[in-house]
1. Would you mind computing, in nm to one decimal, how far apart the modelled labels at residue 491 and residue 324 are, each placed 7 Å from Cα along Cα→Cβ?
2. Local charge sum around residue 541 (other residues, Cβ-Cβ under 11 Å, Lys/Arg +1, Asp/Glu -1)?
3. Quick check: residue separation of residue 392 and residue 454 times 0.36 nm, minus the Cα distance between them. What number comes out in nm?
4. Can you grab the distance from the C-alpha centre of the range 176-213 to the C-alpha centre of the range 125-150, Å, no decimals?
5. Going 7 Å from the Cα of residue 112 along its beta-carbon direction, which residues of the range 264-281 have the amide nitrogen within less than 20 Å of the resulting point?
6. With a Förster radius of 45 Å, plug the Cβ-Cβ distance of residue 315 and residue 101 into 1/(1 + (r/R0)^6) and report the FRET value to the nearest 0.05.
7. For semi-axes √(5λ) of the Cα gyration tensor in Å, one of [x] 41, 34, 24; [y] 68, 43, 25; [z] 39, 29, 22 was computed from the structure I shared and the rest are decoys. Which label?
8. Which shape class, rounded, prolate or oblate, goes with the range 286-421 when its Cα gyration tensor gives a ≥ b ≥ c as root eigenvalues, a/c under 1.5 marks rounded, and past that a/b bigger than b/c marks prolate?
Amino acid sequence: MDENMLNESFPFNSYRPNQKEVIQNMISTFQSKKNFILESPTGSGKSVIGYTISKYLLTDFINKKLVDKDEEEDKLFCIVCTSSKALQKQYINSFAEIDKNVSYLWSAQNYECIYHPPQPDGDEIYYGHSLCPGFDCPVYNSCPYVKQKKKFMAAQLGITNYHYFLNNQKLKPRIVIFDEVHNLEKILCDNASIIFNNLSIKNLFNTILQHSDKADIDKSEDIMKLASTAIQDALKKENIDIDKIKTFSKSFLEESSEVIDDLKEELIDLNKDKKITRKKRKLAKSYNILNRLRCKLSDFVDSKVTWVSSRKDIQKEFFEIKPVQVFEFFNLISKRSEFRMFMSATICGPDQFAKDIGLESEFDYQEVPSTFPVDNRLVGFKPVGKLNYKNKQQILPRFVEAVDNLLECHKKDNGIIHTVSYDNANYFKLKCKNKDRLYIPSKEDMLDLENVIKEKSKKKPIVLCSPVLLEGIDLIDNLSRFQIFIKVPYAFLGDKWVKTKLNEDPKWYARDAIVKLIQGAGRSIRSDKDYAFTYILDENFKNLVVNNRELIPKWFMESIRVIKI
């Protein structure tokens with residue numbers, strides 16, 4: 001390994017603890033293997049590690065003449081995939097501003113069309129929309145998305161999101177850095193899932209019949225009947241027959257293909273006039289939805305893995321199906337790269353992680369210790385009981401008492417109660433002696449939670465009470481000094497997809513809960529100077545740890561204490 005080349009690839013003056021060792025190990029791995037799994041907690045500098053390795057390997061490849069630094073197609077050497085806008089912005093702020101060879105790209109919907117004005121129905125036009133003129137647009141070269149994509153494709157390192165990389169098969173970088181990979185299985189599964197909605201399909205084809213000049217009326221009505229019959233028959237059964245849904249999907253694809261293609265041709269004709277009428281908007285929206293459905297159904301029909309119904313609503317006439325295994329969909333992205341780095345603070349068992357996503361080829365793995373002092377991130381286990389649906393009404397008062405005791409210990413602190421459900425959140429809000437401190441944040445609050453906490457805590461400390469605060473929020477310093485788990489966040493067994501996964505592999509179920517628990521515990525500790533105490537009140541936590549020790553990172557295990565309240 002070339003020490004000078006490594007130091008030149010590193011963007012800062014000094015390494016954090018363990019950083020250099022990790023980078024050297026990963027570079028050595030890529031001499032013989034194609035995959036590296038890195039479990040690296042908050043504060044260890046994962047993004048810098050990924051950046052340095054991509055720069056080092058690019059220089060190495062150029063020196064060995066494995067890529068031509070002047071060839072356009074070789075420039076997008078590495079892509080970083082993230083699942084959250086916050087992390088993508090972090091990468092952009094860290095590297096795109098200091099390195100002209102780093103660029104980024106959001107999905108096309110994030111770039112405002114400068115040719116068409118904003119639409120009254122809120123269905124904004126973006127590049128690739130059925131009302132977008134594409135190459136024929138008179139301001140094509142000024143399109144914000146087109147301009148940014150050119151920069152992105154000309155960069156050596158590109159930063160984007162999973163959705164964009166999943167749906168752009170032409171992107172074939174040498175290296176892909178998959179960050180936040182604890183979410184990768186869910187991302188792949190959600191991207192493949194299909195909702196069959198009888199009312200939605202009826203509305204789509206009624207819109208086409210009302211506004212289209214080319215649609216075959218008889219065929220459109222036949223398709224509506226076909227879909228309505230299949231969906232209603234499926235909803236009548238306790239268990240949805242996936243084979244019958246696959247048969248219906250094949251028929252739907254065959255019957256609707258001509259209608260969808262005719263609709264596309266009609267929109268091409270209508271787009272010759274820049275003016276966007278209500279008719280054009282309605283037809284364009286219908287085409288976008290139907291074409292996306294056609295793509296998903298095609299993947300489903302060709303799929304060889306097991307699918308199950310995840311949820312259904314008889315009154316609203318819809319059900320959703322999901323693949324139980326994501327191997328096929330992971331292969332679609334893994335085969336487009338030569339080297340792959342999988343990074344997260346919560347891998348929680350590399351072998352189990354690899355099994356869950358379908359990573360069959362050899363990999364190396366490294367777990368990085370936490371750089372945060374143990375005393376700043378202690379996890380206190382105080383078993384109050386085993387809360388479940390059957391004993392909920394009898395046992396919840398005991399949890400209320402325990403929570404009130406903890407709130408008395410933290411009279412001056414903001415904090416979090418992880419409640420697993422909104423029913424539980426509302427119960428605590430109603431029954432706790434300290435209920436005036438509890439606040440259940442709304443969806444709007446989640447967009448700017450930091451300022452919500454600052455505003456609400458002006459008079460007295462606030463305690464957020466919610467089931468949706470396990471990920472995606474950074475409550476640094478005094479924004480949160482403690483958090484309480486009333487229950488291990490196991491996935492809901494009323495979901496058939498979850499039940500099927502559990503039956504196939506109990507370790508998957510355990511790992512899913514461990515990932516959520518550790519992610520949730522990290523919401524309040526964001527730097528080596530920050531501190532917060534985590535309390536776990538669920539008796540089930542003991543069995544989770546005892547039976548699945550190999551899935552729990554060492555740095556988290558060392559923080560666990562049994563306590564008395």
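1. Label-label distance for residue 491 and residue 324, simple model: 1.2 nm.
2. +2
3. 19.0 nm
4. Centre-to-centre distance over Cα atoms comes out at 23 Å.
5. Within reach of a label on residue 112: 275-276.
6. In this case the efficiency is close to 0.25.
7. [x]
8. Since a/c reaches 1.5 but b/c is at least a/b, the shape of the range 286-421 is classed as oblate.
The values are calculated or read from the model by the stated rules, or taken from the named source; none is laboratory data. All values reported here derive from a predicted model rather than from experimental measurement. As a convention, Cβ positions derive from the backbone with ideal geometry for all residues, glycine included, and neighbour counts pool all protein chains shown. Note: areas computed on protein heavy atoms with side chains; ligands, DNA, RNA excluded. Shrake-Rupley method; radii C 1.70, N 1.55, O 1.52, S 1.80 Å.
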